[in-house]
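The values are calculated or read from the model by the stated rules, or taken from the named source; none is laboratory data. Here the structure is a predicted model, which means the values were calculated and not measured. Cβ atoms come from the backbone with ideal geometry, glycine included; neighbour counts cover every protein chain shown.
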Amino acid sequence: MSRKGTDWMRETAPGVWSGVIGEPEGVSPLEWMGKEPLADALAAMETAGLPFALGELTVERRKGWTLLRIPLEEDEPLYGLGLQLMRMNHRGRTRFLRVNSDPKQDTGESHAPVPLLISARGYGILADTSRVVTFHCGSTVPRTESFTAERTPDRNTDSSWRATPVSPFLELRLPPEGCRIVLFAGPTPLDAVRRYTLWSGGGALPPRWGLGFWHRVPTLYTASEAANEALEFRRRGFPCDVIGLEPGWHSASYPVTYEWARERFPDPAAFVKELGSHGFRINLWEHPYVSPQAGIYPALEPYAGTHGVWGGIAPDYTVPEAQAVYQRQHEDEHVAIGISGYKHDECDGSELTNHAWMFPAHAEFPSGLDGEQMRQLYGLLFQKMTDDLYRRCNRRTYGLVRASGAGAAPMPYVLYSDLYDHRQFVRALCSASFSGLLWTPEVRKAVSEEDWVRRMQTVVFSPLAMLNAWGDGTKPWSFPGTEALIRHCLELRMRLLPYFYTAFARYRYEGVPPFRAMPLVEGFAEAAAAYRESVRHTKTTLNTTDGAYGKTAVREWDDQYMAGDDLLVAPLFAGETSRDVLLPPGGWYGLDSGVRCEGGGVVRLDCPLGHLPVFVREGAVIPLMPALPHVPKPGAKVPVEWCHFGNTPGRGVLYDDDGETFDYEDGRQVWLTAEVIRGDDGRWKGTSTVERGGAETSYLYGLPTWRYGLERLPESP
């Protein structure tokens, strides 16, 4: 049976089309998240249609599968599909979107495989289902295409032969019972991403302290050891806001109890209060599998699946009664004493032959879901349960999670991985931005001082800046020769906090990812096309794994990204002192070198270890605050410094609220704009005004400080 998109797709919001194929089974990710689309924000976007007619979208339903087909242009890059560490452009690839904690091959499996594809033509397509979906991204050629000798080259004699022929179709293999399909219009890829994010309920706005620096202590640290390590940050002058406790805080783990180990933490409330007095928040590690030793085990056992993990049960948290047991225990024993949030580990699973530990796909759960569906949903379940818990207390949380999926954009959680390749971590930061996900390239260890500094330079320009020392006890000062450089990185993170917080506010209200890949940047596609044309006739092979087939790949620039609107980060890796950077049009300055480069093409960045591989856009007006030891508490007044870069007028934005609660959703927030122009006397002049809002800002008191025409970031006072 074949159907056209005009038969079942309808525009349900400006630039958003939705329709259901068949009779979907079980709960879908968007249904579970239950967030209302931000209708006003969607309506405020530019009116746009799809780059193809709905009639060109076809569905075939056959025994055992459902196929959705969309036409592709010959050269149409395809992005998204969740957190992808191996590749950013999926054109010509087949993607099997199953949750997997060990995505070591380029198959599409991932910690967070989101079945949302973003096309460079300016549209997105989402399959909202808890089943595994396969995307054939122009990797299959149906028989409907005419196969002729003229179009079928002989590999033995024809150099144009390709391992993956150019296919004119995107094909989605969907669950046999069907699912909901949602289309998001552009006209640009960024617009499609924004519509998806706003349709999901808007992006996450973390508490202000969540954007400070995080440090996780070794697994079996006691309360006194953790406190001493935290206070060492203060003694050495390193900013830090969050201390993370790993499995050893539990009375038993693998499986877990969610209860304090009294021999290591005899008085948890006093421990949290003491560190709180020094400006530290506490984050707790946990995973989903509940130990028979846990006090809540008997209450959860009736809601457990047929298969457990590590000797513990895997509860079905789509059941309200199971959610209530989990939330009540966490509220009474954690949140009530001031715990700030959680690190949800191992909610993904692995089925590698030598390291299989997850419940199987044929597991059954009380709600009727099976193991495949529960595995796809588990990361979302824990994010929403804990976010709901903190919402009831009118407290914002920010945490870590190792699995996620569609509809997660409003969740205050950042993905991480046990894999540890620096280049892949940067690529993951880029890929996450297409799918409403956040990612931290956390620092754990390093093979050298150079590797240590380069990793730290990346992590401070990410959604969550963290040193994860659970395994070997590494500290920011573990490499004495680079201690000053690391302190500079952490202080810069603190100084840029108003800028990053504002970027997250735009994510919340406008759907603009705070950290985003270059194809989402205005003017970059044209610059990339010009670069491709310049190398098209060379024999250089760029970022390819297809050399055996004589195929020349095109560089994807998945090793650089934007942090907010005005900072371009181009990480260097151990062994490098320079690299090529493709800059969008306009002028760009080295953030701490002051070197000006003209954009619209490739520039060579020379970046010794002591320099940051970051550019600032000419005309940017960036708000900075002092490099304090920790984020100020609500109500505290801190000075702000507006820094204007370059020789063109500019405009900047600053968002503020209390940084802790959800009162901003009731209008208790403020947006300020700063504008820099050149006066009649030739001198720069800056003004800041309240654009909108109903709250007093904590940044400005009296007049702010202004710096004009900068070529490099001013030193910290």
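Please enumerate the residues belonging to region 657-678 that are more than 29 Å from GLY586 (Cα to Cα) and not in a loop (DSSP other than H, G, I, E, B).
Here is the first cut: in region 657-678, the residues more than 29 Å from GLY586 (Cα to Cα) are 657-670.
Matches in region 657-678: ASP663, TYR664, GLU665, ASP666, VAL670.
Report whether or not GLU665 is surrounded by fewer than 16 Cβ atoms within 10 Å (Cβ to Cβ) and either in contact with a strand residue (DSSP E or B) (Cβ under 7 Å, 6 or more places away or on another chain) or under 30 Å from PRO206 (Cα atoms) (or both). Write out each step before concluding.
On the way: surrounded by fewer than 16 Cβ atoms within 10 Å (Cβ to Cβ): yes; either in contact with a strand residue (DSSP E or B) (Cβ under 7 Å, 6 or more places away or on another chain) or under 30 Å from PRO206 (Cα atoms) (or both): yes.
In short, yes.
Is there a residue being more than 21 Å from MET33 (Cβ to Cβ), assigned to a strand (DSSP E or B) and touching a Pro at 6+ places or on another chain (Cβ under 9 Å) anywhere in region 287-299?
Within region 287-299, one or more residues are more than 21 Å from MET33 (Cβ to Cβ), assigned to a strand (DSSP E or B) and touching a Pro at 6+ places or on another chain (Cβ under 9 Å).
Any chance region 219-227 includes a residue that's without any contact (Cβ under 8 Å) to a residue 12 or more places away in the chain and under 31 Å from the mean Cα position of the chain (by Cα)? Explain how you work it out, then say what you get.
Taking region 219-227 as the starting set, the residues that turn out to be without any contact (Cβ under 8 Å) to a residue 12 or more places away in the chain are 224-225.
Within this subset, residues satisfying the condition of being under 31 Å from the mean Cα position of the chain (by Cα) are none.
Scanning region 219-227 turns up no residue that is without any contact (Cβ under 8 Å) to a residue 12 or more places away in the chain and under 31 Å from the mean Cα position of the chain (by Cα).
Within region 291-320, which residues are under 25 Å from GLU31 (Cβ atoms) and among the hydrophobic types (A, V, I, L, M, F, W, C)? Don't jump to the end; show me each part of the working.
If we filter region 291-320 for residues that are under 25 Å from GLU31 (Cβ atoms), which is where we start, we get 300, 302-307, 313-320.
Those that are under 25 Å from GLU31 (Cβ atoms) and among the hydrophobic types (A, V, I, L, M, F, W, C): LEU300, ALA304, ILE313, ALA314, VAL319.
Being at pLDDT below 90, surrounded by fewer than 16 Cβ atoms within 10 Å (Cβ to Cβ) and assigned to a loop (DSSP other than H, G, I, E, B) narrows it down to one of GLY635, GLY682, so name that one.
Working: GLY682 fails: at pLDDT below 90.
Criteria check complete, one pass: GLY635.
Of the residues ARG683, ARG678, ARG651, ARG692, which single one is within 27 Å of the chain's Cα centre (by Cα), without any contact (Cβ under 8 Å) to a residue 40 or more places away in the chain and not assigned by TED's automatic domain parsing to the domain that holds ASP580? Give the steps one after another, and end with the answer.
Details: ARG683 fails: within 27 Å of the chain's Cα centre (by Cα); ARG678 fails: within 27 Å of the chain's Cα centre (by Cα); ARG692 fails: within 27 Å of the chain's Cα centre (by Cα).
Just a single option satisfies the conditions, and that option is ARG651.
Quick check: is even one residue across region 353-368 under 25 Å from ALA269 (Cβ atoms) and touching a Gly at 6+ places or on another chain (Cβ under 8 Å)? Break it down stepwise before answering.
Step one: of region 353-368, the residues under 25 Å from ALA269 (Cβ atoms) are none.
Checked region 353-368: no residue is under 25 Å from ALA269 (Cβ atoms) and touching a Gly at 6+ places or on another chain (Cβ under 8 Å).
What about VAL27, is it farther than 18 Å from LEU172 by Cβ and modelled with pLDDT under 95? Outline the logic, then answer.
Working: farther than 18 Å from LEU172 by Cβ: yes; modelled with pLDDT under 95: yes.
Yes: the conditions hold for VAL27.
From ARG264, ARG281, grab the single residue that is crowded, with 23+ Cβ neighbours inside 10 Å and in contact (Cβ under 8 Å) with a residue 40 or more places away in the chain.
Details: ARG264 fails: crowded, with 23+ Cβ neighbours inside 10 Å.
After ruling out the rest, the residue left standing is ARG281.
Just need a number here: residues in region 591-625 that are in a strand (DSSP E or B), β-branched (Val, Ile, Thr) and within 25 Å of SER534 (Cβ to Cβ).
Initially, region 591-625 is screened for residues in a strand (DSSP E or B), giving 596-598, 602-606, 614-617, 621-624.
Narrowing the set further to residues that are β-branched (Val, Ile, Thr) leaves 602-603, 614, 616, 621-622.
From what is left, the residues that are within 25 Å of SER534 (Cβ to Cβ) are 602-603.
Qualifying residue count for the region: 2.
Going through ASP681, ASP666, ASP656 one at a time, which residue ends up being under 19 Å from TYR507 (Cβ atoms) and acidic (Asp, Glu)? Break it down into steps so the answer makes sense when it comes.
Working: ASP681 fails: under 19 Å from TYR507 (Cβ atoms); ASP666 fails: under 19 Å from TYR507 (Cβ atoms).
Answer to the selection: ASP656.
Might you check whether a residue that is under 20 Å from PRO463 (Cβ atoms), in contact with a helix residue (DSSP H, G or I) (Cβ under 7 Å, 6 or more places away or on another chain) and either of a type in the set (Val, Ile, Thr) or assigned to a loop (DSSP other than H, G, I, E, B) (or both) occurs anywhere in region 351-368?
no
Take region 224-253 and flag every residue that is among the aliphatic types (A, V, I, L, M), closer than 24 Å to VAL401 by Cα and assigned to a helix (DSSP H, G or I). Write out each step before concluding.
Restricting attention to region 224-253, the residues satisfying the condition of being among the aliphatic types (A, V, I, L, M) are 226-227, 230-231, 242-243, 245, 252.
Checking which are closer than 24 Å to VAL401 by Cα leaves us with 226, 230, 242-243, 245, 252.
Answer for region 224-253, where residues must be among the aliphatic types (A, V, I, L, M), closer than 24 Å to VAL401 by Cα and assigned to a helix (DSSP H, G or I): ALA226, ALA230.
Can you go through TYR254, TYR289, TYR317 and tell me which one is touching a helix residue (DSSP H, G or I) at 6+ places or on another chain (Cβ under 6 Å) and either touching a residue at least 12 places away in the same chain (Cβ under 8 Å) or of a type in the set (Val, Ile, Thr) (or both)? Walk me through it before giving the result.
Details: TYR254 fails: touching a helix residue (DSSP H, G or I) at 6+ places or on another chain (Cβ under 6 Å); TYR289 fails: touching a helix residue (DSSP H, G or I) at 6+ places or on another chain (Cβ under 6 Å).
Selected residue: TYR317, the only one of TYR254, TYR289, TYR317 that is touching a helix residue (DSSP H, G or I) at 6+ places or on another chain (Cβ under 6 Å) and either touching a residue at least 12 places away in the same chain (Cβ under 8 Å) or of a type in the set (Val, Ile, Thr) (or both).
Provide a single number: the residues in region 324-353 that are of a type in the set (Lys, Arg) and touching a residue at least 60 places away in the same chain (Cβ under 8 Å).
Final tally of qualifying residues: 1.
Filter region 565-583 for residues that are among the acidic types (Asp, Glu) and under 14 Å from ARG516 (Cβ atoms) and give the result.
Just the residues of region 565-583 that are among the acidic types (Asp, Glu), to begin with: 565-566, 576, 580.
Of everything in region 565-583, those that are among the acidic types (Asp, Glu) and under 14 Å from ARG516 (Cβ atoms) turn out to be ASP565, ASP566.
Among the candidates GLY635, GLY590, GLY600, which residue alone is at positive phi and in the same structural domain as ASP566 (by TED's automatic domain parsing)?
Result: GLY600 is the single residue among GLY635, GLY590, GLY600 that is at positive phi and in the same structural domain as ASP566 (by TED's automatic domain parsing).
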